[in-house]
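Have a look at the structure below before the remarks.
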Amino acid sequence: MANKLINQMGLPKSIANIFTARNVITAKDALSHTEFELMELLDVGKEEVTSAMAHVSEVVCPPCQTALLLLEQRVRNECMAGHLPTRLKGLDEALCGGIPFGVLTELVGPAGIGKTQFCLKLSLLASMPANCGGLDGRVIYIDVESKFRSKRLIEIGINSFPEIFLKKGMAQEMAGRILILRPTSLSEFAESLHQIKVSLLQQQVKLLIIDSMAALVLGERDCGASRQQALGWHVSFIKSLAEFSRIPVVLTNQVRSQIGDESRMYSFQAAQSRSIIKDNPATYDSHLVAALGINWAHAVTIRLVLEARSGQRFIKLAKSPISPALAFPFKITSSGMVLLDDDGVEMKGPEISTINCQGLSLSSLAVSSAEYFLTKNT
Amino acid sequence: MEVGMLPISASKRGKLLAAGYTTLDAIARASPTHLARDIDVSDSEASEILSLATKASSALERERPNGTHTAVVGGGQTAWDMLNEEKFSSCITTSCVDLDNILGGGIKCKEVTEIGGVPGIGKTQIGIQLAVNVQIPQEYGGLGGKAIYIDTEGSFMVERVLQIAEACIEDMAEYSHQFHKDFQACDVKVHPNNILENIFYFRVCSYTEQIALINYLDKFIMENKDVKIIIVDSVTFHFRQDFDDMALRTRLLSEMALKLMKLAKKFCLAIVMLNQVTTKYVEGSFQLTLALGNWSHSCTNRIILFWNGNERHAFIDKSPSLKSASAPYSVTTRGIRNSTSSSKRIKMM
């Protein structure tokens, strides 16, 4: 839209020629100047500039829809009005049906808590046929840290949906729909994204998983501002991919320890810190926060925090415009993640976003299946 | 240089100055043919310049005050007139009584309000609540208007709008049941789909589209006169990435803010801009601040949403007329509502 050419917009010939003569070729060039600047640059009067820019703006402007139209389209065209059911009853109810299409859903938690297990299950669910509750489509799994284990995928499938997976050839077909990419750098990743965009509609891709986003970004050599900018560009691109193709996009994120003990405050709070800020009871073992910073936290739409408190694991809806602040206890079994309580615990305040790692040890990941080995390389 | 005030092209201005026309009076006294000959333009262009000059110079003339409220300088308004206008300016409720109280009744029309906060505090929730509340019919104390929702980040979730719309209708039915028991026809005839229909949604994917949309809104609102609120969620998102020229960014943002302000005044609607936060290193520590904070001088009011213990609070950070205060609110399945804690007193700062 922004790269539309000025001389193809139906402006009167005279003014269109002036734009071209002054090297204002695309709409973006024109809109990147204030009206006064354009007057000076093009040497025309205010009225002409205003009417030309009004015309250009109308052409470049995104189309108008109503909220009702959006709802009707989704109910009509999409599974569960635009949600991928996770088969975890409590979570699906809280998320109005499942992982929503068209937005970014983030899984963040300490290493070994179950993020990759959840992603494996989601890939299966997306590849399953529609009559079994799946999306009947392909999955693109971006596996940065080489954690994908096909054996584990099949095991989850056999244990969760035995009636489907034990049928001849089904396991092969389902696994055949999941494409795994292993980019080693951010630029390689950007390239694959471009290719993914091209093949999204042709290939019937129904789910994109990036495991993990943090490893991809934090492995780069540049630091600081340029890394933030690169991350910003990638996030916008992935978001636009998700929206234009209306697929769910799931990304995993790591945690890091919080620097210093102070929580961030605004300037008006710092002035009255004694009276306003109450000290939270300090949890001195592993005070963790999500990696990738606050811009990233703004950019994702749904944030699911996986944590462990006193040895019990929880999956929490830390950021979700459509759900109440609930935490569900879970465990990892041979059929993947299983919720222990579908009602969930309602959490008040910013506690829903905190990440704890108490009592989590690798030995607690023992599952009933003897074939399952978890190799963590952290 | 008075001639510099005329909205004409630079070359014409140059020609006027070269020919000796330095004041608007001088231009106004000349005839079109003389002007055309002196500065070497066509007759029609000369008469155009003449009409612009006479308009501009009459606006500069000082009239003798003769007891009526005529403005001394064209285009102005006396404070008394403004006071009378302000009395009748409308507010849009936020559905939280405490929040409405510190806002002086609600989000005011004809004003630009910026609301910022950390992720997950409820900015989009407030935006959606306002988009629904602006539609409350006048019989229930609302404006009966429509809303424009400009989504720059893709955070508009239709499922949530439906939840909030249904809750709003239930509240209205409850209200009419309580207060209008005599009237038979007190059933709220509004269906959630009607509410969704009246929210105009634009998804903006770049700053170019954002600027183009703001330019186009003038025409759009002319055709949809009952729009009473524009919500931009969030306003600085696209300006925070791939911008090399910071000075250009500031100019574009200022122009955008001024255009929005003009829209607010021209069509008597409320503008709500939601903003993200970022950290800033100030006085030896990191502090939270609203993103691109330097640009927003043209916002009338600024509200910051923050966590206070386990409660969400809103703080009036900047306002020409509202007292600096904070109030608690909560986000429930029905939308923004009063906080449920027992101490609901508004804290004055």
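No lab work stands behind these numbers, since they all come straight from the coordinates. All figures in this text were calculated on a predicted structure; none of them were measured in a lab. Neighbour counts are summed over all protein chains in view; Cβ atoms, including those assigned to glycine, are modelled from backbone coordinates with ideal geometry.
Considering the stretch B:254-337, the qualifying strands (runs of 3 or more DSSP E), each wholly inside and each with 1 or more residues that are in contact with a Leu (Cβ under 6 Å, 6 or more places away or on another chain), run over B:270-275, B:277-282, B:311-318, B:325-332. I'd like the full set of residues that are among the β-branched types (Val, Ile, Thr) and surrounded by fewer than 21 Cβ atoms within 10 Å (Cβ to Cβ), limited to the stretch B:82-101. Matches in the stretch B:82-101: B:Val97 only.
Looking at A:Gly134, is it within 21 Å of A:Leu200 (Cα to Cα), more than 14 Å from chain B (Cβ to nearest Cβ), in contact with a Leu (Cβ under 6 Å, 6 or more places away or on another chain) and without any contact (Cβ under 8 Å) to a residue 24 or more places away in the chain? The answer is yes for A:Gly134. The number of residues in the stretch B:301-331 that are surrounded by fewer than 20 Cβ atoms within 10 Å (Cβ to Cβ), touching a residue at least 40 places away in the same chain (Cβ under 8 Å) and within 19 Å of the chain's Cα centre (by Cα) comes to 2. Looking at (1) in contact with a Pro (Cβ under 6 Å, 6 or more places away or on another chain); (2) over 17 Å from A:Glu145 (Cα atoms), can you tell me which one A:Glu191 breaks? Condition (1) is where A:Glu191 drops out.
Scanning the stretch B:244-267 for residues that are surrounded by 16 or more Cβ atoms within 10 Å (Cβ to Cβ) and more than 22 Å from A:His55 (Cα to Cα) yields a single hit, B:Arg249. Within the stretch A:55-95, being without any contact (Cβ under 8 Å) to a residue 12 or more places away in the chain, closer than 30 Å to B:Asp218 by Cβ and not hydrophobic (A, V, I, L, M, F, W, C) holds for A:Glu58, A:Pro63, A:Gln65, A:Thr66, A:Glu72, A:Gln73. Scanning the stretch B:6-39 for residues that are over 23 Å from A:Leu41 (Cβ atoms) and in a loop (DSSP other than H, G, I, E, B) returns B:Ala19, B:Gly20, B:Tyr21, B:Thr22, B:Thr23, B:Ala30, B:Ser31.
Among the residues of the stretch A:152-174, how many are crowded, with 17+ Cβ neighbours inside 10 Å and touching a residue at least 24 places away in the same chain (Cβ under 8 Å)? Final tally of qualifying residues: 9.
Within the stretch B:260-283, the set of residues being away from every other protein chain (no Cβ under 14 Å) and closer than 13 Å to B:Asn301 by Cβ comprises B:Met261, B:Ala264, B:Ala270, B:Ile271, B:Val272, B:Met273. Residues in the stretch B:1-12 that are within 15 Å of B:Leu50 (Cα to Cα) and surrounded by fewer than 17 Cβ atoms within 10 Å (Cβ to Cβ) were compared, and the one that is nearest to the other protein chains (Cβ to nearest Cβ) is B:Pro7.
Residue-wise test of (1) under 30 Å from A:Gly176 (Cβ atoms); (2) touching a residue at least 24 places away in the same chain (Cβ under 8 Å); (3) over 16 Å from the mean Cα position of the chain (by Cα).
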| residue | (1), (2), (3) |
| --- | --- |
| A:Glu191 | yes, no, yes |
| A:Gln204 | yes, yes, yes |
| A:Asp211 | yes, yes, no |
| A:Leu216 | yes, yes, no |
| A:Gln228 | no, yes, yes |
| A:Leu231 | no, yes, no |
| A:Lys239 | yes, yes, no |
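The criterion of at least 1 residues that are buried (at least 22 other Cβ atoms within 10 Å of the Cβ) and more than 10 Å from chain A (Cβ to nearest Cβ) is met, among helices (runs of 4 or more DSSP H) falling completely within the stretch B:128-234, by B:158-179. Looking for something over 30 Å from B:Lys280 (Cα atoms) and assigned to a strand (DSSP E or B) - is there at least one such residue anywhere in the stretch A:156-168? The answer is no, given that none of the residues of the stretch A:156-168 is over 30 Å from B:Lys280 (Cα atoms) and assigned to a strand (DSSP E or B). Do you know which residues across the stretch A:43-72 are assigned to a loop (DSSP other than H, G, I, E, B) and either buried (at least 21 other Cβ atoms within 10 Å of the Cβ) or of a type in the set (Ser, Thr, Tyr) (or both)? Residues satisfying the conditions are A:Val44, A:Cys61.
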